[in-house]
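Have a look at the structure below, then the notes.
The values are calculated or read from the model by the stated rules, or taken from the named source; none is laboratory data. Everything numeric here is computed off the predicted structure, so don't read it as measured data. Cβ placement follows ideal geometry from the backbone for every residue including glycine, while neighbour counts extend to all protein chains displayed.
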Amino acid sequence: MPLLDDFNARINTSSETRVKRLKVHHINDQTLGVARSVYATARAEKDARAEEYSAVKRVLGKDDIVIADGLNYIKGFRYQLYCEAKALQTPSCVVHVGTPIDKCRDIYKHRIETAGPDGDYAGPDFENLIFRYEEPNGMTRWDSPLFIVPYDDEKPPLDQIWEAIVGTDGPAKVVKPNQATVLKPATEQNHLYELDKTTSDVVAAIQAWQKDHPGEDGGEVSIPETDKVIELPTSSLSLPQLQRVRRQFISLNRQHTLDKSRIKGLFVDYLNDTFQQ
């Protein structure tokens, strides 16, 4: 793999202490032992995605470069990886191998003809993955910086990718984390109560707005005691969807106290980030 080889070569030949202590981790379906047949069912695919996410999270650190070399075709999953990197104040980027759909089909057909169907994607699964693929967009923060490398490019922008992740001179790159993921020492005994109550109030406000505006696409929900608004997605949000996001926010902050006056505003920011996926 050119990117993996390039990273290791730069680390091995560097004279900088901060670079020499870096370690590269290559994670994909093959290294995790995930069969391509998992993409035949939603449950198995979700479990495989969770396995990749956990593997990345285990090794990700300020002295580690993680190449998440999976399909990563769901923008929400790329957003999760982006948030993990940002929470650790370490940079990230997306490298997209630009391959026309017809070329993908030719490669798949050749692979089946030469190696047989065993161990490969089933035909319907392959076409389904093409249909569901959400191409990276460099205008969104979780896909930026984005490097699009044509499939037949013999010279990918390795220098630029290294610069985005490590940098060439000076101290290591540090990324400012989202306020909602900043870790703080836990001091307030009623912190969990305030997290639960405040986030429940916000969810209730969203439900009330949707009830009063049936059939409306999107919309803005003003939240009392904050000057921020929630920008709803175009599709209606169910209570289970809202509760899932609420639990994620609480999980991120349950061990680290947020000032009571900030919880509502930070939860609104977190919801808006999630709805933009």
Checklist outcome for this item: Val56 meets each of (1) in contact with a His (Cβ under 9 Å, 6 or more places away or on another chain); (2) exposed (fewer than 15 other Cβ atoms within 10 Å of the Cβ); (3) within 22 Å of Thr140 (Cα to Cα) with one exception, condition (2)
Next on the checklist: Going residue by residue through region 74-92, is there one that turns out to be modelled with pLDDT of 95 or more, under 13 Å from the mean Cα position of the chain (by Cα) and not in a loop (DSSP other than H, G, I, E, B)?
Outcome noted: no
Next on the checklist: It is to be established whether one or more residues within region 191-212 are outside the structural domain of Val19 (by TED's automatic domain parsing), modelled with pLDDT under 85 and in a loop (DSSP other than H, G, I, E, B).
Outcome noted: no
Item to check | Matching residues in region 6-27 - criterion: being touching a Phe, Trp or Tyr at 6+ places or on another chain (Cβ under 7 Å) and outside any helix (DSSP H, G or I) | outcome: Val24
Checklist outcome for this item: Taking region 126-146 and keeping residues over 16 Å from the mean Cα position of the chain (by Cα) and free of Cβ contacts under 8 Å to residues at least 60 places away in the same chain leaves Phe126, Glu127, Ile130, Phe131, Arg132
Checklist entry - For the subset of region 59-74 comprising residues that are surrounded by fewer than 17 Cβ atoms within 10 Å (Cβ to Cβ) and among the charged types (D, E, K, R), which member is nearest to Met1 (Cα to Cα)? => result Asp64
Checklist entry - Taking into account only those residues within region 10-40 that are within 17 Å of Phe77 (Cβ to Cβ) and free of Cβ contacts under 8 Å to residues at least 40 places away in the same chain, which is surrounded by the most Cβ atoms within 10 Å (Cβ to Cβ)? => result Val34
